[in-house]
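Asker: Here it is, the structure in full.
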Amino acid sequence: MKKIKFIFLIVTIFSPVLIAQGFKVKSTGSQSFNFEDKNGRNQITFYSATPLEDITGTANGISGTISFDVANFSKTLKGSLTVKVASMNSGIELRNQHLKSANWLNAEKYPDIVFTIKEAMDVKQIETNKLEFKVRGDFTMHGVTKEIIADAEATYLDESEQTKRRAPGDLLGVRAKFNVKLSDYGVNNQIIGNKVAESIEVSVNMVGSNKN
Amino acid sequence: MNKKQKLILLIGFFVIIISFLIWAFFGFEIFTKTQVLVESKDELFGWSEKKWVDKFIWGIDLSLAISGITIFISGFLLYFFRNKKITS
């Protein structure tokens, strides 16, 4: 009986370590990645269906940092990302003006859209340097903050000749997808006479460096 | 309807038809665009990324605007070149 109790105790103490998910890469310890991209390649894509025409737009004004322990990603992930509303582009200048106006996202009063990470959940190791997970966090848009869960994927690349062409240091590539319900954030979904879908699909493609 | 009015009507009709043919040629787009999104592959991570490139796309809004202006000008000219009655 004592033996069983001992095994149970050991498993209980070490279970967080046993289930911890992380990258199996050369780098170790705590790493912090900066997502400010001077080349404008880091990108948020938003998609909405309207009765007349489906709208696909992008935003490139991304900044922020993500940090985690390489071997224990699931338990240590934290950070915050910001997107400038002014950087949003829907491909039509008049629509862009409307998008940023007081009737819509009100870029003057609320210039930033912010996502603050709370935790990583359901972390799955896809490859040694690639993790698939859900990320829970606070999403702030139009002055309203709501908790959302996004499907995400992170790829860790140790510094190499190939990665140096993009940016110095190790690189972290992050892809994420989530939906934003406009009414939750007090945004009127009329845009230049069209009713935009209540739910906007948002995709994130970005690369951060730990030496930026 | 005199000869000048017939000519104005013909030109107006022709302009409207041409504007809608151009619209059809550009792929029946609703809104006129000066930029379009093209996808390219990220050589490092293998995912696709979108990029804006300058390209003019003729939308139906432009055809409708041209048609409206043509109808307005044609109407004015039709009135201007009407047969004036000679009163003695």
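Asker: With the requirement that a residue be in a helix (DSSP H, G or I) and among the acidic types (D, E), what does the stretch A:155-172 give you?
Answerer: The one that is in a helix (DSSP H, G or I) and among the acidic types (D, E): A:E161.
Asker: Here's another thing I want to ask about it. Condition first: away from every other protein chain (no Cβ under 14 Å), hydrophobic (A, V, I, L, M, F, W, C) and touching a residue at least 60 places away in the same chain (Cβ under 8 Å). Now tell me which residues in the stretch A:82-112 satisfy that.
Answerer: Across the stretch A:82-112, the qualifying residues are A:W104, A:L105.
Asker: Just the residues that are assigned to a strand (DSSP E or B), at pLDDT below 90 and away from chain B (no Cβ under 11 Å), please, taken from the stretch A:36-79.
Answerer: Narrowing the stretch A:36-79 to residues assigned to a strand (DSSP E or B): A:43-48, A:55-59, A:62-69, A:78-79.
Now restrict to residues that are at pLDDT below 90: A:48, A:55.
Answer for the stretch A:36-79, where residues must be assigned to a strand (DSSP E or B), at pLDDT below 90 and away from chain B (no Cβ under 11 Å): just A:S48.
Asker: Those residues that are of a type in the set (V, I, T), modelled with pLDDT of 90 or more and touching a helix residue (DSSP H, G or I) at 6+ places or on another chain (Cβ under 9 Å), I need them from the stretch A:162-206; list them, please.
Answerer: The answer is A:I200, and nothing else.
Asker: Please go through the stretch A:114-143 and give me each residue that is farther than 19 Å from A:G173 by Cα and of a type in the set (S, T, N, Q), ordered by number.
Answerer: Across the stretch A:114-143, the qualifying residue is only A:T140.
Asker: A further question follows. For the stretch A:129-149, name all the residues that are part of a loop (DSSP other than H, G, I, E, B) and either farther than 24 Å from A:N210 by Cβ or at pLDDT 95 or above (or both).
Answerer: Listed by number, the residues that qualify are A:H142, A:G143.
Asker: Sticking with this one: If you scan the stretch B:56-74, which residues turn out to be modelled with pLDDT under 95 and either acidic (D, E) or under 14 Å from B:K4 (Cα atoms) (or both)?
Answerer: Matches in the stretch B:56-74: B:D61 only.
Residues checked against (1) within 26 Å of A:N96 (Cα to Cα); (2) within 13 Å of chain A (Cβ to nearest Cβ):
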site	(1), (2)
B:F26	yes, no
B:T32	yes, yes
B:G59	yes, yes
B:F76	no, no
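Asker: Shifting gears a bit: Tell me which of these B:V38 doesn't satisfy, since it passes every other one: (1) more than 11 Å from every other protein chain (Cβ to nearest Cβ); (2) free of Cβ contacts under 8 Å to residues at least 12 places away in the same chain; (3) of a type in the set (A, V, I, L, M).
Answerer: Answer for B:V38: the failing condition is (2).
Asker: Now for a different question. So A:A152 clears everything in (1) over 18 Å from the mean Cα position of the chain (by Cα); (2) in a strand (DSSP E or B); (3) not charged (D, E, K, R) except one condition, right? Which one?
Answerer: Of the numbered conditions (1) over 18 Å from the mean Cα position of the chain (by Cα); (2) in a strand (DSSP E or B); (3) not charged (D, E, K, R), the odd one out for A:A152 is (1).
Asker: Looking only at the stretch A:23-56, which residues are more than 17 Å from the chain's Cα centre (by Cα) and under 30 Å from B:F28 (Cβ atoms)?
Answerer: A:S48, A:A49, A:T50, A:P51, A:L52, A:E53, A:D54, A:I55, A:T56
Asker: Can you tell me which residue among A:F73, A:F115 is of a type in the set (F, W, Y), surrounded by 15 or more Cβ atoms within 10 Å (Cβ to Cβ), touching a residue at least 60 places away in the same chain (Cβ under 8 Å) and in contact with a Gly (Cβ under 7 Å, 6 or more places away or on another chain)?
Answerer: Testing whether each residue is of a type in the set (F, W, Y), surrounded by 15 or more Cβ atoms within 10 Å (Cβ to Cβ), touching a residue at least 60 places away in the same chain (Cβ under 8 Å) and in contact with a Gly (Cβ under 7 Å, 6 or more places away or on another chain) leaves just A:F73.
The values are calculated or read from the model by the stated rules, or taken from the named source; none is laboratory data. All values reported here derive from a predicted model rather than from experimental measurement. In this analysis, Cβ positions are derived from the backbone assuming ideal geometry, glycine residues included, and neighbour counts consider all displayed protein chains.
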